[in-house]
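Below: the structure, in structure tokens.
The values are calculated or read from the model by the stated rules, or taken from the named source; none is laboratory data. Computed from a predicted structure; not experimentally measured. Here the Cβ is made from the backbone with ideal geometry for all residues, glycine too, and neighbour counts use every protein chain on show.
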Amino acid sequence: MSTRLRIGVVGAGLGAAPHFKSLQDLSDQVDVAWLHVRQPERLTPSALPPGAQVTARYEDLLEDTSLQAVLILTPPNTHLDLVQRAARAGKHVLLEKPLEISLAKAEELVAVCEQHQVQLAVMLQHRLRESSVALAALIASGELGELTGASCSMRWWRPQSYYDEPGRGTLARDGGGVLITQAIHTLDLMLSLTGLPTQVTALARTSAVHRMECEDTVTAVLSFANGAIGSIDATTAAYPGFPERIALNFTRGSATLEAGQMQAELVDGRRLSVGTHQATGTGANVMAFDHHAHQAVIADFLQAIRSGSTPAVSGRSALQVHRLIAALTESAQSGRAVSL
């Protein structure tokens, strides 16, 4: 296998920009051979990865035997079909979050990639921020001790015009509202540090700020197996938008992640700080964030293909956050605590 991998990109919508910037920065490792979009005539020249052939036929990518992987950037309700076809053609897959619109479809998607022995990575890039990696290592070292409490806050802002786009914030296209579309990043990062809770109790509402089918505000209480408790505060109705924040308490210290920065204080007097403040798309400009975490996920995916190792943000690991979102949704709908 050559060092420089050939991939195809599927979709070039709102979320494509950080992926394209990352691929450009990784041009010494990857050749974007194809770009598949349904309406090529609507693309502007700046939207095209250099040298990519544009096609309206997904089959062109699947039939290209020299193509090793696809990067899928289409709406969530299209993912299962596209991934199934790619896996059957022997193409590795890097998928924009979420995996799919329901837990059942997400599990089926992961299973088909494992069945056909192709790599599946997911763009849940917050895990590979410098600050996140540093905190994960600190927790793994045991220096902070045992988890006693966790708080996950994502208080963002989206104007009504954001939800006026057909399909956005609907069950049919997105699979839900704030949980599966925005908070999924922060929830996934929290779970990568704490593991799944054993029980959740949640309330979910569509606030007076928005006209939309699904929830834009969720509050929840979490219970972990070791007795630790936690909370979730997620909304897109908090003007003008605030940095997402994870705060973790341990028996020998505490740590926070906020907008790309990690701060930890240990009872032995040590203070640790890693990372720099980053814009996170919390306000009306949803794409106002740095692309380097995207680049880290793509680079890791390419290395996983070369080495046969498991991607850092694998499809199977991403099922955790889908299980949590499904439990939160069930609890909010039933009015009862839900066990995981």
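Applying the selection to region 250-260, what residues are over 15 Å from residue 186 (Cα atoms) and surrounded by fewer than 18 Cβ atoms within 10 Å (Cβ to Cβ)?
251, 252, 254 - these are the residues of region 250-260 that are over 15 Å from residue 186 (Cα atoms) and surrounded by fewer than 18 Cβ atoms within 10 Å (Cβ to Cβ).
Checking the structure you have, find out if any residue of region 276-294 is within 26 Å of residue 108 (Cα to Cα), at pLDDT 95 or above and in contact with a strand residue (DSSP E or B) (Cβ under 9 Å, 6 or more places away or on another chain).
If we filter region 276-294 for residues that are within 26 Å of residue 108 (Cα to Cα), which is where we start, we get 294.
This time we only want the ones that are at pLDDT 95 or above, so: 294.
In the following step, the residues that additionally are in contact with a strand residue (DSSP E or B) (Cβ under 9 Å, 6 or more places away or on another chain) were identified as 294.
Checking region 276-294: at least one residue is within 26 Å of residue 108 (Cα to Cα), at pLDDT 95 or above and in contact with a strand residue (DSSP E or B) (Cβ under 9 Å, 6 or more places away or on another chain).
So, residue 205, is that one surrounded by fewer than 22 Cβ atoms within 10 Å (Cβ to Cβ) and free of Cβ contacts under 8 Å to residues at least 24 places away in the same chain or not?
yes
Each row is one residue, and each column tells you yes or no for (1) of a type in the set (Gly, Ala, Ser); (2) farther than 26 Å from residue 32 by Cβ.
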position: 263; (1), (2): no, yes
position: 269; (1), (2): yes, yes
position: 293; (1), (2): yes, no
position: 298; (1), (2): no, no
position: 305; (1), (2): no, no
position: 311; (1), (2): no, no
position: 314; (1), (2): yes, no
position: 318; (1), (2): yes, no
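In region 231-269, what count of residues is obtained for those that are within 25 Å of residue 143 (Cβ to Cβ), touching a residue at least 60 places away in the same chain (Cβ under 8 Å) and within 21 Å of the chain's Cα centre (by Cα)?
Qualifying residue count for the region: 10.
Being without any contact (Cβ under 8 Å) to a residue 60 or more places away in the chain and assigned to a loop (DSSP other than H, G, I, E, B) is the requirement here; does residue 197 meet it?
Details: without any contact (Cβ under 8 Å) to a residue 60 or more places away in the chain: no; assigned to a loop (DSSP other than H, G, I, E, B): yes.
For residue 197, the condition - without any contact (Cβ under 8 Å) to a residue 60 or more places away in the chain and assigned to a loop (DSSP other than H, G, I, E, B) - is not met.
Is one or more of the residues making up region 312-324 crowded, with 19+ Cβ neighbours inside 10 Å and assigned to a loop (DSSP other than H, G, I, E, B)?
There is at least one residue in region 312-324 that is crowded, with 19+ Cβ neighbours inside 10 Å and assigned to a loop (DSSP other than H, G, I, E, B).
Return the residue satisfying two criteria in turn: it lies in region 29-59 and is loosely packed, with under 13 Cβ neighbours inside 10 Å and part of a loop (DSSP other than H, G, I, E, B), and of such residues it is modelled with the lowest pLDDT.
Of everything passing the filter in region 29-59, 44 is modelled with the lowest pLDDT.
Residue 172 passes all but one of (1) over 20 Å from the mean Cα position of the chain (by Cα); (2) surrounded by fewer than 17 Cβ atoms within 10 Å (Cβ to Cβ); (3) in a loop (DSSP other than H, G, I, E, B); which number fails?
It fails just one condition, (1).
For region 60-166, please list each of the helices (runs of 4 or more DSSP H) lying entirely inside it that holds at least 3 residues being small (Gly, Ala, Ser).
103-115, 130-141
Return yes when residue 333 is assigned to a helix (DSSP H, G or I), assigned by TED's automatic domain parsing to the domain that holds residue 143 and surrounded by fewer than 20 Cβ atoms within 10 Å (Cβ to Cβ) and no when it is not.
yes
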